[in-house]
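Below is one structure, written out as structure tokens; comments come after it.
A short reminder: the numbers here are calculations on the coordinates, not readings from a lab. Predicted model only: the values in this text are computed from it and were never measured. So basically every Cβ, Gly included, is an ideal-geometry build from the backbone, and we count neighbours across all protein chains shown.
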């Protein structure tokens, strides 16, 4: 009888034990969620600044990257909720200055997430046995990497006075958050298989 009671007690404690063992991943996901949700707000502010300065194509790019950040934030929040740890969104720590500076600062920030930080978070999530967190972080990391060249192109176009050569609109996968800068993307997202008919058009 004592053995049965002990087993039942341990079974009841198991979810708590798992949650405790995943605290590092929860902390990392919380930081990632606040980063992406803050960027969603910030990049839309950058878009408004670009409009004021007469750069509608760069404004569209910032609107698109803001939507990407919003999708990543939603993915992180879903995982955090399933892990029993809801969290408040982040707020931008900086304000728009000029379109050139905004582009440079955005590129620096995304490079960090795409390069080192999200990779470290993924490693920790794998150690913690949190596959949902690994997937959400991988999606964000890969889409950030895919977008790096677009930040560089936008910055170069601005410096050379050729912003009108930049895309007038973008397509975004609503699940993966990938950004497509082509008139007509493939039938499905190459990362997650989402159909093109579900893509979000930002213009």
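Which FRET efficiency, nearest 0.05, do residue 48 and residue 108 yield, Cβ-Cβ r, R0 22 Å? Intermediate values should be presented prior to the final figure.
Working: r = 21 Å, r/R0 = 0.94.
Calculated transfer efficiency: 0.60.
Label sites at residue 116 and residue 24, each approximated as a point 7 angstrom past Cα along Cα to Cβ, lie 1.7 nm apart.
When a/c is below 1.5 the answer is rounded, else prolate if a/b is larger than b/c, else oblate, so apply that to region 139-203 with a ≥ b ≥ c taken from the square roots of the Cα gyration tensor eigenvalues.
Oblate is the answer for region 139-203, as a/c is 1.5 or above yet b/c matches or exceeds a/b.
For every helix of n ≥ 4 consecutive DSSP H residues, a contribution of -39,500 (n - 2.57) applies; sum these over the chain, divide by its total residues, and give [θ] at 222 nm rounded to the nearest 500 deg cm²/dmol. Please report the intermediate quantities before stating the final value.
Values: 6 runs with 130 residues, N = 203.
Value at 222 nm, helices only, nearest 500: -22500 deg cm²/dmol.
Computed from Cα atoms, the angle from the helix 23-52 axis to the main principal axis of the chain rounds to 20 degrees.
Which of rounded, prolate or oblate describes the chain when judged by the alpha-carbon gyration tensor and an a/c cut-off of 1.5? Cα axes put the chain in the prolate bin. Axis of helix 99-112 versus longest Cα principal axis of the chain: the two differ by about 30°, to the nearest ten degrees. Distance from the alpha carbon centroid of region 111-131 to that of region 143-160 works out to 24 angstrom. Ordering 148-155, 85-92, 34-41 by mean Cβ neighbour count within 10 Å, with the highest value first, yields 34-41, 148-155, 85-92. The angle separating the long axis of helix 118-127 from the principal Cα axis of greatest extent in the chain is about 20 degrees.
How much FRET efficiency would the formula 1/(1 + (r/R0)^6) give for residue 41 and residue 187, where r is the Cβ-Cβ distance and R0 is 35 Å, rounded to 0.05? Numbers along the way, then the final one.
Working: r = 33 Å, r/R0 = 0.94.
It comes to 0.60.
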